[in-house]
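The values are calculated or read from the model by the stated rules, or taken from the named source; none is laboratory data. Everything quoted here is computed from the prediction, not taken from an experiment. Ideal geometry is used to build each Cβ from the backbone, glycine not excepted, and the neighbour counts take in all protein chains shown.
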Amino acid sequence: GGMISTDASGQGSCTYGKTRDHVLELDTVLLGGQHLHSRALSGDEEPQALQQPGALGKVHRTAAEIIDREREAIEATFPPLNRCLTGFDLAHLRDEH
């Protein structure tokens, strides 16, 4: 769980890649019992995810709001590296698709 939450992989990550290179989807049970099936969403699926009620919708809305509001600051603050910094990889949260 710790490796997933920080996208860490230790010394082997330069050779074998980081956690995100090997995890395609996650199934999580949130507080309150809602089931979050996290995976990459298509542009058509995202609006539906944002409209979900309760914690599920809040997870999607919060992530979208952060990247939309802070995209320029993220790009200006974090230098381009061949390995992302440990932590939330906000620079790659969304792409043009």
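Looking only at region 15-35, decide whether some residue is of a type in the set (S, T, N, Q), modelled with pLDDT under 85, assigned to a helix (DSSP H, G or I) and exposed (fewer than 14 other Cβ atoms within 10 Å of the Cβ).
The answer is yes, given that some residue of region 15-35 is of a type in the set (S, T, N, Q), modelled with pLDDT under 85, assigned to a helix (DSSP H, G or I) and exposed (fewer than 14 other Cβ atoms within 10 Å of the Cβ).
Which of the residues belonging to region 1-55 are in contact (Cβ under 8 Å) with a residue 24 or more places away in the chain and among the charged types (D, E, K, R)? If you could, list the steps in order and put the result at the bottom.
First pass over region 1-55, keeping only residues in contact (Cβ under 8 Å) with a residue 24 or more places away in the chain: 6-8, 13-14, 18, 20, 30-31, 42-43, 55.
Those that are in contact (Cβ under 8 Å) with a residue 24 or more places away in the chain and among the charged types (D, E, K, R): 7, 18, 20.
State whether one or more residues within region 4-14 are modelled with pLDDT of 80 or more and touching a Leu at 6+ places or on another chain (Cβ under 9 Å).
no
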